[in-house]
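Where a number appears in this text, it was derived from the coordinates with a stated rule and is not lab data. Since we're looking at a predicted model, the values are computed, not measured. For neighbour counting, all protein chains shown are included, and Cβ atoms are generated from backbone atoms with ideal geometry for every residue, glycine included.
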Amino acid sequence: MAAPRPLPRLDSDNTAFWTGGKDNELRIMRCRDCAAFIHPPRPVCRNCLSDNVAPEVVAGTGVVDTFTVNHQKWHPAMEVPFVVARVAIDGAPGVYLTTNIVGCAVDDVDIGDRVRVMFEQQDDVYLPMFEKIS
Amino acid sequence: MSSDYAYITGIGQSEVGMRLTRHPLSLTVDAVREALDEAGLDISQIDGVSTYPGRVSAMLGFSPVGADELVDALGIRASWYAGGMEISSQLGAVTAAAMAVRTGQARHVICFRTVYEAAAMARPEEYPMSRRGRVDGYSQWTAPFNALSAAVWTAQYAMRHVKQYGLTREQLAQIALTDRANALLNPRALVREPLTMDDYMSARMISTPLCLFDCDRYTDASTVIIVSAADALDEVSCTPVRIEAMAGSVERLSWDQAEWMACYPTGEDLWKRTDYTPADVDTVQLYDGFSFQAVAWLEGLGFCERGEGGRFIEGGTRIALDGELPLNTFGGQIGGGRLHGFGFAHEAVVQLRGKGEARQIQGDPRVAVCTSGGGPLATALLLVRD
Ligand SMILES: [Zn+2]
């Protein structure tokens, strides 16, 4: 991967998510009162308004909900084509991550594919990317 | 004084082009002048201003003129004004103005959208994109994965439609083909060259399934819609168009946590607020910054069942200028230019007043729907000429 990616600014809401890869963990915020998952992570449950929420480690697998093959170079250093996908996260109903599907040809990705997280580190951020489970 | 209805009176538009050198405030004033002339109003009668998204200093080309600047620059004594991005999309500026005149906050409100993205690209020293460091807000969930454009976000909804409902490229092409055919009849349209199915099918991909011709292009222009109070209509000389219903609903304010785009709840809510039904509509002017958004709007507004949008537009005859439901008769954003939402309201009024000239639809159109927005942003207006 050539050009550096735009990275998130870490704050108290998102640090657990963006740094979980250091411990190889995909962490999604969850309410301890009603058990709902909350993404994007916030300090309040969108289901019951409780603030008794904390990041929880999920399995790190999921299913491709939808995807696109990006062919356009949005800046000169961008390497194309690549797959942008939305992955439905196993064990966290209603949570989807926009991500890249890596480790296979762009034409090999389809809706319904089973995928597993792998982290790409840039600076202090661990980006959750996914690869197909063969 | 309050009333159940607000009305669109004057409409105006500047020159529409790419890399214009005329100042964006001057373009805005051109559109204001045309709208005032049409309504038979004087600037001294304007007491409100509304815009989307307000001046955006980090991306001046995206929005170089704010409501506050227009109020001051035109010497308007404003009793109400608003401008901002946290609203249901571009035409949310019109729904806000409609509520303002209905509650007596103002009598005649200039609503405007000025875009200057092509000029800004050509003159970066004058209109810089401020280079931020790290990203925050919603873009932190998309930008790190190089999902950098709404084209990519919209393409994922389109791909789901392809896989789940069988939308084909030939079907999707009908939005661009219809837009570009209509643009040939609109002297102000940005793109005035014919487009064929062969051109479309051989175009390079931007983000599958969207190709180059599924996307609008950076445009420089200003569009103005004047919203007037019911008890102020005796001051105008044009045929008023009544805002019969409006909606701007969302289930998740997110490009990726929502199963489908906000046009679905918005379309559903629009019809809850009126006795009219989709069968009464003579023309639709539906947001098509990316072609698929217009397909989703047709479904969301109930012109066809969810999943049937591709088959609904198949062959293009139904949505053609002489079809049963003429769509985007000015060329939409793909042909008419990226007027960013306001072009759809402008054209709905043109058609309802029978002022479309070469592109005027047949019959005596009285009911139109216009929309703006894609993804989590959606506004729909039902307009009626009584
Ligand atoms: Zn809860």
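Contact list please: Cβ distance under 8 Å, first residue in segment B:134-154 and within 8 Å of another protein chain (Cβ to nearest Cβ), second residue small (G, A, S) and in a helix (DSSP H, G or I), pairs at least six apart or on different chains.
B:V135/B:A143
For A:R116, state whether it is facing another protein chain (nearest Cβ under 9 Å), in a strand (DSSP E or B) and not β-branched (V, I, T).
Numbers: facing another protein chain (nearest Cβ under 9 Å): no; in a strand (DSSP E or B): yes; not β-branched (V, I, T): yes.
The answer is no for A:R116.
Of all the residues that make up segment A:76-106, how many are among the charged types (D, E, K, R) and assigned to a strand (DSSP E or B)? Working first, answer last.
Within segment A:76-106, the first condition is being among the charged types (D, E, K, R), and the residues that meet it are A:79, A:86, A:90.
Among the residues that remain, those that are also assigned to a strand (DSSP E or B) are: A:86.
The total comes to 1.
Mind listing whichever residues of segment A:59-90 are at the interface with another protein chain (Cβ under 7 Å from one of its Cβ atoms), under 16 Å from A:P4 (Cα atoms) and free of Cβ contacts under 8 Å to residues at least 60 places away in the same chain?
Taking segment A:59-90 first, the residues at the interface with another protein chain (Cβ under 7 Å from one of its Cβ atoms) are A:66-72, A:74, A:78, A:82, A:84, A:86.
Then keep just the ones that are under 16 Å from A:P4 (Cα atoms); that gives A:74, A:78, A:82.
Of everything in segment A:59-90, those that are at the interface with another protein chain (Cβ under 7 Å from one of its Cβ atoms), under 16 Å from A:P4 (Cα atoms) and free of Cβ contacts under 8 Å to residues at least 60 places away in the same chain turn out to be A:W74, A:F82.
Being within 16 Å of the ligand (Cβ to nearest atom), under 30 Å from A:M78 (Cβ atoms), among the aliphatic types (A, V, I, L, M) and touching a helix residue (DSSP H, G or I) at 6+ places or on another chain (Cβ under 9 Å), is that true of even one residue in segment A:25-33? Quick ask: steps written out before the conclusion?
Filtering segment A:25-33 for residues within 16 Å of the ligand (Cβ to nearest atom) gives A:28-33.
Right, trim to under 30 Å from A:M78 (Cβ atoms) and you get A:28.
Okay, now just the ones that are also among the aliphatic types (A, V, I, L, M), so A:28.
From the residues that got through so far, the ones that are touching a helix residue (DSSP H, G or I) at 6+ places or on another chain (Cβ under 9 Å) too are A:28.
Scanning segment A:25-33, I find at least one residue that is within 16 Å of the ligand (Cβ to nearest atom), under 30 Å from A:M78 (Cβ atoms), among the aliphatic types (A, V, I, L, M) and touching a helix residue (DSSP H, G or I) at 6+ places or on another chain (Cβ under 9 Å), so the answer is yes.
Taking the condition of being more than 14 Å from every other protein chain (Cβ to nearest Cβ), within 9 Å of the ligand (Cβ to nearest atom) and surrounded by fewer than 20 Cβ atoms within 10 Å (Cβ to Cβ), how many residues in segment A:34-46 meet it? First the steps, then the outcome.
Looking only at segment A:34-46, we keep the residues that are more than 14 Å from every other protein chain (Cβ to nearest Cβ), and these are A:34-35, A:43-45.
From the residues that got through so far, the ones that are within 9 Å of the ligand (Cβ to nearest atom) too are A:34-35, A:44-45.
Filter once more, so that each one left must be surrounded by fewer than 20 Cβ atoms within 10 Å (Cβ to Cβ): A:34-35, A:44.
Result for segment A:34-46: 3.
What residue, among those in segment A:8-24 that are touching a helix residue (DSSP H, G or I) at 6+ places or on another chain (Cβ under 8 Å) and farther than 20 Å from B:Q257 by Cα, is surrounded by the most Cβ atoms within 10 Å (Cβ to Cβ)?
A:L10
For the subset of segment B:155-171 comprising residues that are loosely packed, with under 15 Cβ neighbours inside 10 Å and assigned to a loop (DSSP other than H, G, I, E, B), which member is nearest to the other protein chains (Cβ to nearest Cβ)?
Here the residue is B:G166.
Starting from residues that are within 12 Å of the ligand (Cβ to nearest atom) and surrounded by fewer than 18 Cβ atoms within 10 Å (Cβ to Cβ), keep the ones in segment A:47-58 and report whichever is nearest to the other protein chains (Cβ to nearest Cβ). So that I can check it myself, show each step before the final result.
The first filter runs over segment A:47-58 and keeps only residues within 12 Å of the ligand (Cβ to nearest atom), leaving A:47-54.
Among the residues that remain, those that are also surrounded by fewer than 18 Cβ atoms within 10 Å (Cβ to Cβ) are: A:47-52, A:54.
Numbers: A:N47: 13, A:C48: 17, A:L49: 17, A:S50: 19, A:D51: 20, A:N52: 22, A:A54: 20 Å.
In this case the residue turns out to be A:N47.
Report, by residue number, each residue of segment B:172-198 that is in a loop (DSSP other than H, G, I, E, B) and touching a Gly at 6+ places or on another chain (Cβ under 9 Å). Talk me through it step by step, then tell me what you get.
First pass over segment B:172-198, keeping only residues in a loop (DSSP other than H, G, I, E, B): B:184-196.
Within segment B:172-198, B:L184, B:L185, B:N186, B:R188, B:A189, B:L190, B:V191, B:R192, B:L195 qualify.
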